[in-house]
1. From largest accessible area down, sort 425, 182, 202; use a 1.4 Å probe on the protein chains.
2. What translational diffusion coefficient, in µm²/s and rounded to a whole number, does the Stokes-Einstein relation yield for the chain at 10 °C and a viscosity of 1.306 mPa s, taking the hydrodynamic radius as the Kirkwood radius over Cα pairs?
3. Please compute the length gained on full extension between residue 126 and residue 320, using 0.36 nm multiplied by the number of residues separating them and subtracting their Cα-Cα distance.
4. Estimate the FRET efficiency between residue 222 and residue 108 by the formula 1/(1 + (r/R0)^6), using the beta-carbon distance for r and 45 Å for R0, to the nearest 0.05.
5. When the dipole is taken about the Cα centre of the chain, and only Lys, Arg (+1) and Asp, Glu (-1) are charged at their Cβ, what size is it in debye, to the nearest 20?
6. Go ahead and estimate [θ] at 222 nm for the chain from helices alone: -39,500 (n - 2.57) per DSSP H run with n ≥ 4, summed, over the residue count, rounded to 500.
7. Considering only DSSP beta bridges where both residues belong to segment 122-266, give the percentage that are antiparallel (nearest 5).
8. Using only alpha carbon pairs under 8 Å that are at least six residues apart, calculate the relative contact order of segment 335-426 and give it in whole percent.
Amino acid sequence: MDRRSSVPRTDVMLADPRLAAAQETLGRSLVKAAVANAQQRVREGFTDPEGALDAALALLPATAGGLQHVVNATGVLVHTNLGRAPLSPAAIAAVTAAAGYTDVEFDLADGRRARRGRTALAALAQAVPEARAVHVVNNNAAALVLAATVLAQGREIVISRGELVEIGDGFRLPELLESAGCRLREVGTTNRTALRDYQNACGPETGFILKVHPSNYRIEGFTSEVSIEELATIGPPVVADIGSGLLRPEPLLPGEPDAAGALLQGAALVTASGDKLLGGPQAGLLLGDEHLVERLRRHPLARALRVDKLTLAALEATLRGPRPPVHRSLHASTTELMERAERLARRLGGRAEAVPTIARVGGGGAPGVELPSAGIAVDKKLTLRLRSYDPPVIGRITDGRLVLDLRAVEPDQDEVIAAAVEHACM
C-alpha cells in the first residue's frame, strides 16, 4: 500500500477542534509543525493514519516559547545555566497580572504620568532603609557600567588588583569598566592591598573607589584587604559591588557581604544582582546616596538599561511576598532532605541509593561555602535519559554515579524525580 495516499491532509487535521484550539494558544506555525511531524510518522509506519491526530496532539509543545522547565537536582541553588533563582509563586502571579496593560507609569488617582515602577522601588527602599535612594536596571553589570559612565567617564576608578574579577562567559570587570570610557588605577597586589595603596592612588582624577566582592573565588593564606569603612575615610565616593544580592546579613553565609552592611560602613553606592540570593528576577540594584542615585537615574544611558514591567512586578513581589525558593532551599533541614532521599530510594528499590551530598550557593555567591545536603545516586548511564524526560531532570556526576541532590528541589517535585528515574530505567 502506498502510505503517501493514506496520510491525512494538513488542512483536514488543522480543522480538527482540538488542533484549532491549540492554534489559539500556540500559534499556527507550531501546530502545523506538529502536524507535519505526525504525518511523517505515518509515512514511516510508526503511526497508523487513524492515530495521526493523537500523534500531532502529543507532539505539541507546552508553550509557544522555547525555554523548558527543568528540575534542578544539581545541588547548586543559584545555577546560572539553569536561569539562576526560580521565582516564587507570588512573583509568578505578579508577572501574570502585569502581562497586560498596567499602571507602570500612570497614577490612577490623578490620571497623570507617574514615576516608572514606583511601587517596586518603594518595596526595595523599604527592604533596605539604610539606602537614601534606590534604582533598578537590567543586571548588576549594567549597574556598574551606569555608575562608571556617570561618575568616572574620562577619569580613574581606583581598584585593588585582587578584585579584577571575570564575571562569567569571558566578561572581565576591567574590560567592562573601560568600555564606559574609564581608566583603571590598579593598586596593591593580587593577595594583599593596604589602605595606603588607595590613599596614594587617589587624587583629582579619581572618579570613585571600587570595592568588588570576589564572589566566584576565594584567596586564602597571606592576604589582606581594606574594608569599606576604611576606604570611606579617603574622600572619593566608594562604590561597593556586593554581587550576590544579599540585602541583610545571612547567618548561614557569614562571609557574604550585604547591602545594608555596606551602606552602614560608608559606601556611597551599592550594586547587586536581583536574581541571586535575593531570589528574584534578573535585575541590577543600585542603592545609596540620594544625590548619586538621582544622577544615575537621570543619565541618558539609564533609559537603555531600564527594566520592563514584568521585572518590576516580579521584584516587588519577591521583596514583599513570602520567602522565595532560593531562601527556602538555603535553609532546608539536612535531616528532612535525607528523609526525602531515603523515601525516594525505597520507592525506586535497587535503582537508587540515598546519599549525603554537598550543595553550594552558586551564581557567584559564597565561594567555598559547603551546604550539607542529601539526594539519591543512580547509574550515570541514566544521565541523558533523565535530561530527555519531561520535565528534564538535571543532576551531577560524582564518584562515577549520577547524583540527584534535593536541596534545590521542591518537595512536590520528588514524585517527578521518581517517575523520571523509573522511566529512564525501562
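1. Values: 425 55, 182 10, 202 30 Å².
My answer, sorted largest first, is 425, 202, 182.
2. On the way: Rh = 24.5 Å.
D = 65 µm²/s.
3. My answer for the length gained is 68.9 nm.
4. 0.15
5. So the dipole magnitude of the chain works out to roughly 660 debye.
6. Details: 19 runs with 162 residues, N = 426.
Helix contribution divided over all residues of the chain: -10500 deg cm²/dmol.
7. 15
8. Across segment 335-426, relative contact order equals 28 percent.
The values are calculated or read from the model by the stated rules, or taken from the named source; none is laboratory data. A quick note: this is a predicted structure, and the numbers were derived from the prediction, not measured. A quick note on method: Cβ atoms are made from the backbone with ideal geometry, for glycine too, and the neighbour counts reach across all protein chains shown. The protein model used for the area step is the full one, side chains on, heavy atoms only, and it has no ligands, DNA or RNA in it. Shrake-Rupley method; radii C 1.70, N 1.55, O 1.52, S 1.80 Å.
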